[in-house]
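Everything on this sheet refers to the single structure shown next.
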């Protein structure tokens, strides 16, 4: 099987289409009004689920995981890949991680008069922006530069 080949699309019956539309309408309530990302991710998942997993190439597997992440299914992405970043994001979304107590960075810089001034630099940065299935909105994943803890 060619790993770049697209799967054959099966046209659903009217009854199947009604069920699909109801499922998509329910899931779309959690996504932005445009729904473009949702529609693409849903299409990828639907088409790849029609192909037996043993026939997937690495490209299909990566597309499947990307679609899961796009829909906010970080727990399933972690189960499939065992990639620690998905577990950290899932724990942050579910409130299992709290903000760490690390101290901000401090440096001494010279001001305009060449006098030393202490400047504080935040240890926190936005690692990524992800879809939060709990709130139905985009959320910033914040990471600490010191300890590496991830939180929402």
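A few points about this structure:
- Residue ranges of helices (runs of 4 or more DSSP H) in the stretch 41-95 with at least 2 members surrounded by fewer than 16 Cβ atoms within 10 Å (Cβ to Cβ) and more than 10 Å from the chain's Cα centre (by Cα): 58-70, 74-81
- Among the candidates 72, 148, 136, residue that is touching a strand residue (DSSP E or B) at 6+ places or on another chain (Cβ under 9 Å) and at positive phi: 72
- Subset of the stretch 121-146 (residues that are farther than 13 Å from residue 102 by Cβ and part of a strand (DSSP E or B)): 126, 127, 128, 129, 130, 131, 132, 137, 138, 139, 140, 141
- Residue list for the stretch 37-62, restricted to those being within 24 Å of residue 21 (Cβ to Cβ) and at pLDDT 80 or above: 40, 41, 42, 43, 44, 45, 46, 47, 48, 49, 50, 51
- Qualifying residue in the stretch 108-128 (condition: in contact with a helix residue (DSSP H, G or I) (Cβ under 7 Å, 6 or more places away or on another chain), under 14 Å from residue 151 (Cβ atoms) and not assigned by TED's automatic domain parsing to the domain that holds residue 37): no
- Residue tally, condition without any contact (Cβ under 8 Å) to a residue 40 or more places away in the chain and under 15 Å from residue 89 (Cα atoms), over the stretch 118-136: 6
- Those residues of the stretch 96-117 which are in a strand (DSSP E or B) and in contact (Cβ under 8 Å) with a residue 12 or more places away in the chain, in sequence order: 105, 106, 107
The values are calculated or read from the model by the stated rules, or taken from the named source; none is laboratory data. Keep in mind the model is a prediction, meaning the values are calculated, not measured. Note that each Cβ is placed from the backbone with ideal geometry, even for glycine, and that neighbours are counted across all protein chains shown.
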